[in-house]
Amino acid sequence: MASSMQAYLAAKYMSGPKADAILARTSSGPKKKKRKVTTSSSSAAPSIINDDDALDWAQDSKEPDDEAEEAIIAEDRAFKKRQKTEEGSGWATLREPTPPPLEDEQPQFVEEEAPFRGGLLTSAQLKKTLPKKSVPKSELTQEEIAAAQETVYRDATGRQVDMAAERAEAARKKKEREEKEAKKMEWGKGLAQREESDKRKQELEAMRNQSFARTIDDAAMNEELKAKELWNDPAAAFMSKKKSKGPKRPEYTGPPPPPNRFGIKPGYRWDGVDRSNGFEKKLFQRQNERKRRGAESYEWGVEDM
């Protein structure tokens, strides 16, 4: 039982010459074989026992495997004894140790400030987290005081926002929006408004180049005065130029239309087709018939005179 346990431990958890020796010993050792009992069918025949272990059992008890095991164990003992004879440890020195670095090549360690901790703190922990030295206000400059009092703005994610850059960006967007609105208003104007604005610009440019004093020989001023209309000037019609007051509305120029009681002319797009219900025509017929009857009665009344 003990040998099988050693063989299991050597196979599973050990390595080296010792494990090889244990495995060799357990695998080549004498094994006891079970006896084979042969029984005959008849009860009168004697029973014969065949014992295989009885053969050559008395031969050499010391096998070649035991000699190999002893040689391996002796070699292991010699290795351990040689290990103990060397300087304190069983390892041979292959190279000299690396010399320590110079003073200027020594690594520098930076002490990081401990992050602020909330909750209950002792006085030592509080002193360690708080700044050790505070600068008096009298030693600070105006720029440092203003920077300390300046409000810090942050966005929804907690990132610090530069207000100067935000104001510049807002002004740029406002300017672009105003330019777009001005372009939209310019395209929304009519032809007359554009011509009037261009004429006004030309007048301002001409007035900029004129002299401050205007004499009687100023041709532009004389033309402007002549073109002015005065209601109480009878000779203004001979001196002033006739101007058309706005565009004329187009009129109908086709065949004569049917009359109506209000004397309204049809539109210039009328195609000449009467689409009324005939009331105007009947009205004029009744009026003409009344006039005719009145004339006939008058003639009949004065016939015998």
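Every read-out reported here was derived from the displayed coordinates using simple, explicitly stated rules and does not represent laboratory data. Just so it is clear, the structure is predicted and the values come from calculations on it, not from any experiment. When we count neighbours, we look across all protein chains shown, and the Cβ atoms used for this are built from the backbone with ideal geometry, even at glycine.
When the listed pairs 226/248; 175/248; 175/201; 201/226; 201/228; 180/201 are checked against a 32 Å cut-off, the alpha-carbon distance exceeds it for 175/248.
Computed from the C-beta positions of residue 201 and residue 231 and an R0 of 25 Å, the FRET efficiency is 0.20 to the nearest 0.05. Ellipsoid fit via the Cα gyration tensor, the range 161-207: semi-axes of 35, 15, 4 Å, each the root of five times an eigenvalue, largest first.
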